[in-house]
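One structure is given below, encoded as structure tokens.
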Amino acid sequence: MKEIYLGEIAHARSGDKGDGSNVGVLAGNREVYDLLLEELSIERVREHFSEICHGAVERFELPNLLALNFLLHDSLGGGGTESIITDAQGKTHAQAMLQMKMQVPDDFELLYPMGPPKS
Amino acid sequence: MKERLRIGNGQGFWGDSVQTPIRMLREGPLDYLTMDYLAEVTMSILQKQKNRDAARGYATDFVRFIDEVLPEIIEKKVRIIANAGGVNTEACRGRIFDAARKRGLSKLKIGTVSGDDILGRLDELKAAGVEFRHMDTGEGLFDEEREILAANVYLPTEGMVRALDEGADIVVTGRCTDPGLVLAPLMHEYGWSTPDQLALGTVAGHILECGAQSTGGNFTRWWEVPDMAHIGYPIAEVGPEGELIITKHEGTGGMVTVDTVAEQLVYEMGNPKQFLTPDCVVDFTSIKLAQDGPDRVRVSGVRGDVRTPYLKVSISYLAGYKATGQIVLSGPNALEKARLCASAVWERLEMVGCRFEDRQEEFLGIGQVHRGIVGPVENAPEVVLRLGVKDSSREMVNRFGMEIAPLVTSGPPGVTGFAGGRPKAQEIVAYWPALIPRELIKAEVSVEEVGA
């Protein structure tokens, strides 16, 4: 097994949804989607965001887009306009999600670099 | 009937690039240009402006834009649909008519759609038994005394369609759904009315509504996005039978790929099977995306269901005051110095009797927004200390604002970056989402031609 970042096999976008955020995670291919169905459990995501998300975590599946949508309740310090924290709209939660580390088989194909190619 | 329509978005929110709608008109062919100005917070700001001055309460950026491009709109026959009317569609139309008269134009027709603003009807609706129960908490709006700032219903798209049917060149609406701005021309031109058709138009609108977020903006692999500075905004190319291609003007920056479009599809999503609008219910798990050439993504398979008997109301009310202030700590032990500054501020405030309903301290630069996932970086060479408070007392929140600057001389060394004066208390505008039976709301549509 090897340790990788979620961002090496998926991409994501987040935004606000009431007092919480949503994070849509898009798998790079069907094999990754099947892996994420197992690995990216509600418990795993709740643990990853333990200092950010203080409410329930919900998960929805979109097999058509190879996507999982997470709702992180109570993660914005009161939500949108009421919050006094910097990321009051959960704009950065997608980038936070992609930094999750996971174990995959040694031959599991990585799809994306975690940044621009170094010259 | 047109074989295909090109509908663009030139504004994802009020505050988005003012140059983009102009570029959208000039950089390629377009049949309709849609523009979104109304966030929830915008409605309460506009309502306040109107309370002070009955001639205000609409998006002034929009009027400036129209004033600048009016001859081009008419020459190119591009129809404009914008929710720039805010809480004063009539005043917005009046200013556009002024601009048209100034140029001696007399053929311009402007449609307004209103009836969304129910602030003045709350007593009547309360008497009729509407409780405005909070969609998340279930509380009734009138259970407690509240200072309500604005109340607007998300109107169904029919109102905009009627304005287009009556020949409006420009449609100025109050609160509607963002996707409705794109759905309206499809209903008008193609007579779309089945749940699947309405759902397809809604999906097109959802992909377009945040401007460049579907054309490479906010994209995870940002380094793959060409010419970000000149990013093109999204265009939906739609045929009458439901062919939908997402694209952008040729030669502009950015990119339209399955991945950039998919990221926008999941943006601000709740339950994907139940995407509710006043027009239909969309099942996002039905959407199929496929690359159809460079910067062209085909959207198909979209399924929808009939609309619910309710409309959503967005009510805003005053929920106290807030302020935030920040300074920069530099040099050795920057984080430790920042922590000392934070505790000194709180202690100094407590000495004068200031305790707040909520207070926050953030140490930006050490892994703050991703706390628990990265960092904290203990040896950061500089740290931004950001403090915030929330309270029902405006006076106390203002008192907080006076305790930031003194740190420059009465704190540790290496403090800088305090600029812009004392942070002032800002009103907290809170939201109260609720539902209202559809039959209680009637959109008012009026189309008028500019007089001489």
TODO: Among residues belonging to the range B:426-448 that are over 23 Å from B:Arg146 (Cα atoms) and assigned to a strand (DSSP E or B), point out the one that is most open to solvent (accessible area, probe 1.4 Å).
DONE: B:Glu444
Task: Extreme residue, nearest to the other protein chains (Cβ to nearest Cβ), among residues of the range A:50-62 that are out of contact with any Pro (no Cβ under 8 Å at 6 or more places or on another chain) and buried (at least 18 other Cβ atoms within 10 Å of the Cβ) - done: A:Ile52
Open item on the list: Can you find a residue that is β-branched (Val, Ile, Thr), open to solvent by 40 Å² or more (accessible area, probe 1.4 Å) and within 11 Å of chain B (Cβ to nearest Cβ) anywhere in the range A:84-91?
Closed with: yes
Open item on the list: If I go through the range A:12-26 residue by residue, how many of them are more than 7 Å from every other protein chain (Cβ to nearest Cβ) and surrounded by 22 or more Cβ atoms within 10 Å (Cβ to Cβ)?
Closed with: 5
TODO: Check whether at least one residue in the range B:20-34 is under 27 Å from B:Tyr190 (Cα atoms), part of a strand (DSSP E or B) and of a type in the set (Gly, Ala, Ser), and report yes or no.
DONE: no
- [ ] State the number of residues belonging to the range A:92-115 that are farther than 18 Å from A:Gly20 by Cβ, at the interface with chain B (Cβ under 9 Å from one of its Cβ atoms) and open to solvent by 50 Å² or more (accessible area, probe 1.4 Å).
- [x] 2
TODO: Could you please find all residues in the range B:347-373 being over 24 Å from B:Val328 (Cβ atoms) and open to solvent by 60 Å² or more (accessible area, probe 1.4 Å)?
DONE: B:Glu350, B:Met351, B:Val352, B:Arg355, B:Glu357
TODO: Would you check which residues across the range B:49-107 are among the basic types (Lys, Arg) and over 18 Å from B:Gly12 (Cα atoms) and list them?
DONE: B:Lys50, B:Arg52, B:Arg56, B:Lys76, B:Lys77, B:Arg93, B:Arg95, B:Arg101, B:Lys102, B:Arg103, B:Lys107
Task: Hey, B:Val203 under 26 Å from B:Glu72 (Cβ atoms) and not in a loop (DSSP other than H, G, I, E, B) or not - done: no
Open item on the list: Against the condition within 11 Å of chain B (Cβ to nearest Cβ) and either open to solvent by 10 Å² or more (accessible area, probe 1.4 Å) or in a loop (DSSP other than H, G, I, E, B) (or both), how does A:Glu47 come out, does it pass?
Closed with: yes
TODO: Working carefully through the options B:Ala290, B:Ala199, find the one that is surrounded by 23 or more Cβ atoms within 10 Å (Cβ to Cβ), in the same structural domain as B:Leu25 (by TED's automatic domain parsing), out of contact with any Asp or Glu (no Cβ under 7 Å at 6 or more places or on another chain) and not polar (S, T, N, Q).
DONE: B:Ala199
TODO: Search the range B:393-442 for residues being among the polar types (S, T, N, Q) and within 25 Å of B:Tyr321 (Cβ to Cβ), and hand back the single one that is nearest to the chain's Cα centre (by Cα).
DONE: B:Gln426
Open item on the list: So B:Phe400 passes all but one of these: (1) open to solvent by less than 40 Å² (accessible area, probe 1.4 Å); (2) more than 26 Å from A:Lys91 (Cβ to Cβ). Which condition number does it fail?
Closed with: (2)
Open item on the list: Would you confirm whether or not the range B:313-321 contains a residue that is away from chain A (no Cβ under 14 Å), over 25 Å from B:Ile235 (Cβ atoms) and open to solvent by 10 Å² or more (accessible area, probe 1.4 Å)?
Closed with: no
Task: strands (runs of 3 or more DSSP E) fully within the range B:82-186 counting 2 or more residues that are open to solvent by 10 Å² or more (accessible area, probe 1.4 Å) - done: B:109-114, B:148-153
Open item on the list: Filter the range B:253-309 down to the residues that are small (Gly, Ala, Ser) and not in a strand (DSSP E or B) and list them by number.
Closed with: B:Gly254, B:Ala262, B:Gly270, B:Ser286, B:Gly293, B:Gly301
Open item on the list: On the basis of being in contact (Cβ under 8 Å) with a residue 60 or more places away in the chain and closer than 21 Å to B:Leu289 by Cα, does A:Ala94 make the cut?
Closed with: no
TODO: Take the residues in the range B:243-284 that are free of Cβ contacts under 8 Å to residues at least 24 places away in the same chain and either more than 27 Å from B:Cys176 (Cβ to Cβ) or open to solvent by 30 Å² or more (accessible area, probe 1.4 Å) (or both), then tell me which one is nearest to the other protein chains (Cβ to nearest Cβ).
DONE: B:Glu268
Open item on the list: Based on this model, can you work out whether B:Leu5 counts as surrounded by 14 or more Cβ atoms within 10 Å (Cβ to Cβ) and closer than 22 Å to B:Asp178 by Cα?
Closed with: yes
Open item on the list: With the requirement that a residue be surrounded by fewer than 14 Cβ atoms within 10 Å (Cβ to Cβ) and either without any contact (Cβ under 8 Å) to a residue 40 or more places away in the chain or under 23 Å from the mean Cα position of the chain (by Cα) (or both), what does the range B:52-76 give you?
Closed with: B:Arg52, B:Asp53, B:Ala54, B:Ala55, B:Arg64, B:Pro71, B:Glu75
Task: Counted residues, the range B:132-176 - those being over 30 Å from B:Gly191 (Cα atoms) and touching a residue at least 24 places away in the same chain (Cβ under 8 Å) - done: 12
Task: Criterion violated by A:Val25 - all others in (1) touching a Ser or Thr at 6+ places or on another chain (Cβ under 7 Å); (2) touching a residue at least 60 places away in the same chain (Cβ under 8 Å) satisfied - done: (1)
Open item on the list: I'd like the full set of residues that are closer than 17 Å to B:Leu119 by Cβ and either open to solvent by 50 Å² or more (accessible area, probe 1.4 Å) or at pLDDT 95 or above (or both), limited to the range B:8-51.
Closed with: B:Glu40, B:Val41, B:Ile45, B:Lys48, B:Lys50, B:Asn51
Open item on the list: For the range A:63-83, check the following and say yes or no: at least one residue is assigned to a helix (DSSP H, G or I), open to solvent by 30 Å² or more (accessible area, probe 1.4 Å) and more than 9 Å from chain B (Cβ to nearest Cβ).
Closed with: no
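The values are calculated or read from the model by the stated rules, or taken from the named source; none is laboratory data. Just so it is clear, the model here is predicted, and its values are computed rather than measured. Using ideal geometry, Cβ is built from the backbone for each residue, glycine included, and neighbour counts are taken over all protein chains shown. Protein only, heavy atoms only, side chains kept; ligands, DNA and RNA dropped before computing areas. Shrake-Rupley method; radii C 1.70, N 1.55, O 1.52, S 1.80 Å.
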